[in-house]
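Derivation of every value follows stated rules applied to the coordinates shown; laboratory data play no part. None of the values given here were measured: they were computed from a predicted structure. Here the Cβ positions follow ideal geometry from the backbone for every residue, glycine too, while neighbour counts run over all protein chains shown.
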């Protein structure tokens, strides 16, 4: 038991997950210490105290933006005159290419998420919770549905949780399948049955969210951290991080690496440890040329960046974003233009069609990349692409989709420009 | 006031608006697409980007969207900064990747906002080499053309059609750059406001199909400020003409009435002006035939008509031994104030009849007295701010659609308070809607059937007009115990009356809406009672809104002219004709729409001589002995009084052909005859004099003086049309081919027509329409069309919207005739059922199995002039008898059965249609449609089943009645005339 307790303290999110990744039943979860955090919160802490612990733990949003969870919660009106009902929404619409961390958490330990939502809802005074689940996550949906029933039967959800005044209903909503639904305000529109276009901010969801009511939207992994913070305290959580950021993070690696997969490691773990120790480095015969550190919508980094710590600010200073902390590795036998084109195709497909730079800019960028890849590119196209990346930059678009989509393009132009030029001069793809 | 600095210059601007609004208001050019002054901001197109600097030391700045950024004191901004300019050009270039280069064949070109913005943003060279996306277009019906390839996805169409106007059948389909704005399948757009898509769309996706049928570019259209003639609201319009043909109607911004939007009847009803049935010259009856004659001959004949001696001398008829009495004049609620007044002067007030049935005449007079007793005049703009609304006996989206649209905005405005509380700027449309999506609005409807607004109402009652009135009186009693109580109400009705009374009392600005649609005086009395109770209880300081819907464009004007007269209804004219030999002049009125056919026939049979002045052939004109061609609104200058008592001038868009004249001009030519020397009409030489006489004739009409005075051209030189400093051109400055238009007839260029009566010229020359009006100007001139340098589309008007709003009350083309007074109603009305005259209102016996047939005005098909316009006719639903299924079952009628109803002893064949929203015991028919249009309604009628449902194909087995197989009803739009014939059989 000591070993597993230690593991739980080192890798709180995944330590309980069984090797075959089958879902933990309520009993198994409870035996592993589950729902202790909820009991602690509901029976011994006021909502304010829960909020304080989360703030003290310096938990930052795991969806990619890294915004302080405690701060986000604090914008929710919670006084006696605050509007009701208030909502907590779990963003489990994990559609970032190369990212599959939430899937593991929901498929294998669904109660952890439910407990996290229950504690968070208690802190926020939210009486209704929604889980907005990616359309393709059928297995997660089944596991969550079962866990919801178990938790309801056991009194962890429903009316008067654990005999307290607090009540919470959680609905599972499976998405119709659009990347934009991962954007929290588009998610809310979709949940209301409207077209999944983002909303203007301000007003932020905490003030005017789902159905116009105060709403907090948190990423699935963020919410999974909450039970452990409550169970073990903010200090413990702070001590987990190796760098400036606290807690652990589920890191992933994809591409031609020896062992693609997911690993829970402390925040601030150097990228090299994830790439070499966890993923086992490149598959035989492949050389790394670069990698996207946090999913498809982040800037490329180069092998020289491997020793950077996986902290929000460290990666930010290197010119990229930690995003979902899922590495996508580019090797020497893959055409970077084709890779960027493939990503851009995805983003152009997934644009919601609301604002001009994204809706009409991304298909244009894709068209240019197609031309270059097909050997019909012109040198001035590279200038056009570079201009487009600035054009779609942060602040110029309605939401973060297009700026994210521009990141792999702009960094590829920076780091792999000669490859683009070779396509143009050779009138074809050198990798073909 | 805040001060903002734009490109180094400080400007004082109103706080609370966004930067885009502020810039446009300052006359600065900042391009945009998705913003609209009435629809607010959503930040989708990213076109209105400008640079905002944090402080004086900030040299980089950051891009902000003008439409999404509130004005704040001390902001430092740049429109001209290179970053912003490049970004805006980029937005256009990106939009253009999918926009076809089809301007030469696009109906929008020349007034295309996208063209204007493209030029403004400076994008001219395209880098995109890919294929443009293509869509299939839809057939959206007779009014709106659809060309989706041109779409730039600004979402304005949806935001207007769905969010603003409540339409359901237009939506966005697909996503990314494949978003498709259309219907689920081909079909006519259902909303009565669909025409606004033409103006809301910044490019040529939604275009005016009626314009396309006889197309001219905007720059070739001669325009004038005009007023819609298709209902009583008096929406301002800008009609366009070329080659003597009226080509289209566009909205003309009026901040207090129509704002930016018109209804489809107002926009597409204009084609009656070009109709083949239009009377284009005069006719005289010779040997029983109407034979065309010259205007001169017509005037001579008209003079003879008015001169008994001459007429007698020429007539060898023995009957004329008795000296002839003066002829009678029958006026019209759709003729201008001038024409009605001229006729009234000519024949004398005692010989002037309103041309309305007695029931309608008294109804309109009751409405006028209610308006005159009002403490507060209510504009459509104020309607949009009402926080509790009670509508009595009106289906607004059909009887006065634009008012219905304003009520819809009042409901939307309920969310504004919530948005304001969480400090969302009220122009941030999406957030306001999200914040307020669950906010209800106390809208209550009393009507005889369910209507479209019911979906938004907090509660609605569907009952007979009398029961509605009962409830109305009960509401008044609940408000003020002094108002007589109503006996015998059901508990639910009693509770509802109390609830409505409470909501009206609580409201900051409660609004009552009633009108003539139900043809029930009781409802007006009930409305007056509630109004009086509300004013008494709330005190004079708190306003109570009131809007009364009149049926026609000048109903109120006519009511004002005849309000001192007694026995001046059409029924009285009928009586007079029964008593003595009578000659009549009928002014712009089809009497067969006013009274039962038998009565009118009898009247015409009795008349010795009938002169008709009208613009469209009608059953009445067919009976004329002398028929004079009147000008339509498009060729007339005149005054119409809208339902709030606002007299508005409409100006001729183009000079009428020589053979036509405004009705009052025909009459004026007679007035020159010797025997009429003493007539005031003799003093009248022009429009201004006529208005001055009109104004002098009645204290209530005195404000009309303003229309006569300020607008007349002080420096007019009769020899030229454009020498004055105040002349405004009717033609855009790029008007082409003026000298060549008639070249196939005569190569000599004719002199441009002269318009001494207004400051408008039939010319391209004169003061630009967009000039900024200053305090030195004599008044706010009406605009023939919207144009501003660089802004060819109608969006040009936003450039001076704010300025015009600031100058309200200085318009030269309108005057308020009904002063806000603090007069109390003299007495309380006794609730319905207790007064002696109540039975006169609903004819027939309420005995089983009779149903009360009630009239329902339809947006398409009820109004006399618009119903002949092709686009409106195509959207007119066939005439049906709508009744409650229970009433049908009780009388063994099935949905779709052929029925015969008896109205005014006339058998009328109609198809039954069940509607669970119809009040039990009542059945409705479309008002104003042949063969029903002259019938007295409401009226009790027995329902006789005459045949089974004539359906020939159905999913379900259906027994066919062989006798009906040869019938015309296989046609989905049965020919009304044939129905009439069958009925007569």
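Key figures
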quantity: Along each principal axis, Cα extent of the stretch B:336-417, largest first, Å; calculated: 56, 22, 21
quantity: Fewest-first ranking of A:197, B:237, using other Cβ atoms within 10 Å as the exposure measure; calculated: A:197, B:237
quantity: Where only C-alpha atoms are counted, convex hull volume of the stretch B:440-482 per residue in Å³; calculated: 56
quantity: Per-residue Cβ neighbour rank within 10 angstrom, fewest leading, B:35, B:787; calculated: B:787, B:35
quantity: Theoretical FRET efficiency, 1/(1+(r/R0)^6), r = Cβ-Cβ of residue B:689 and residue B:564, R0 22 Å, to 0.05; calculated: 0.45
quantity: DSSP-defined beta bridges in the protein assembly as shown - what % are antiparallel, rounded to 5; calculated: 55
quantity: Gaussian network model of chain A, springs between alpha carbon atoms under 10 Å - residue of A:187, A:59, A:45 with greatest fluctuation; calculated: A:45
quantity: Once the Cα gyration tensor of the stretch B:605-697 is diagonalised, semi-axes √(5λ) in Å; calculated: 23, 20, 14
quantity: Theoretical FRET efficiency, 1/(1+(r/R0)^6), r = Cβ-Cβ of residue A:6 and residue A:235, R0 25 Å, to 0.05; calculated: 0.90
quantity: Test item: B:79-87 mean partner chain Cβ contacts at 10 Å; calculated: 1
quantity: Intensity falloff of the stretch B:323-474 expressed as log10 I(q)/I(0), Debye formula with alpha-carbon point scatterers, at q = 0.11, 0.18, 0.19 Å⁻¹; calculated: -0.63, -1.14, -1.20
quantity: Folded to 0 to 90 degrees: helix B:358-372 orientation relative to chain B principal axis, Cα; calculated: 40
quantity: Rg and Dmax [Cα atoms of chain A; Å; Rg one decimal, Dmax integer]; calculated: 21.9, 73
quantity: Estimated inter-spin distance, residue A:44 and residue A:139, nm [label 7 Å along Cα→Cβ]; calculated: 3.7
quantity: Rg/Rg_globular for chain B, with Rg_globular taken as 2.2 N^0.38 Å and Rg from C-alpha atoms; calculated: 0.96
quantity: 25 °C / 0.890 mPa s Stokes-Einstein diffusion coefficient of the stretch A:333-432, Kirkwood radius on C-alpha pairs, µm²/s; calculated: 186
quantity: Separation between Cα centres of the stretch A:322-353 and the stretch A:30-66, rounded to whole Å; calculated: 35
quantity: Order of B:811, A:150 under a 10 Å beta carbon neighbour criterion, fewest first; calculated: A:150, B:811
quantity: The stretch B:482-570: proportion of alpha-carbon pairs further apart than 21 angstrom, %; calculated: 45
quantity: Cα-based Rg of the stretch B:1-98 normalised by 2.2 N^0.38 Å, two decimals; calculated: 1.03
quantity: Per-bin percent of Cα-Cα distances, the stretch B:85-154 [10 Å]; calculated: 18, 49, 26, 6, 0
quantity: 20 °C / 1.002 mPa s Stokes-Einstein diffusion coefficient of the stretch A:154-261, Kirkwood radius on C-alpha pairs, µm²/s; calculated: 124
quantity: Gain upon complete extension [residue B:1, residue B:214; 0.36 nm per residue less C-alpha separation]; calculated: 71.9 nm
quantity: Ellipticity estimate at 222 nm from DSSP helix runs (n ≥ 4, -39,500 (n - 2.57)) divided over chain B, nearest 500; calculated: -7500 deg cm²/dmol
quantity: Column: log10 I(q)/I(0), Debye, Cα scatterers of the stretch A:310-352, q = 0.16 Å⁻¹; calculated: -0.61
quantity: Kirkwood Rh, Cα atoms: Rg over Rh of the stretch B:497-545; calculated: 0.99
quantity: With Cα atoms, 0 to 90° folded angle of helix B:521-538 axis to chain B main axis; calculated: 50
quantity: Label-to-label distance, nm, for residues given as residue B:542 and residue A:421 (7 Å Cα→Cβ offset); calculated: 7.8
quantity: Compactness of the stretch A:202-288, expressed as Rg and Dmax over alpha-carbon positions, Å; calculated: 17.9, 55
quantity: If the convex hull is drawn through the Cα atoms of the stretch A:105-200, its volume per residue in Å³; calculated: 99
quantity: Mean-position separation - Cα centroids, the stretch B:3-68 and the stretch B:436-502, in angstrom; calculated: 46
quantity: Fraction of the pair-distance distribution of the stretch B:517-557 above 10 Å, Cα-Cα pairs, percent; calculated: 75
quantity: Using alpha-carbon coordinates, inclination of helix B:82-96 to the longest axis of chain B, degrees; calculated: 50
quantity: log10 of Debye I(q)/I(0), alpha-carbon scatterers only, for the protein assembly as shown at 0.05, 0.07 Å⁻¹; calculated: -0.48, -0.87
quantity: Calculated P(r) tail over 13 Å for the stretch A:223-269, as whole % of Cα pairs; calculated: 60
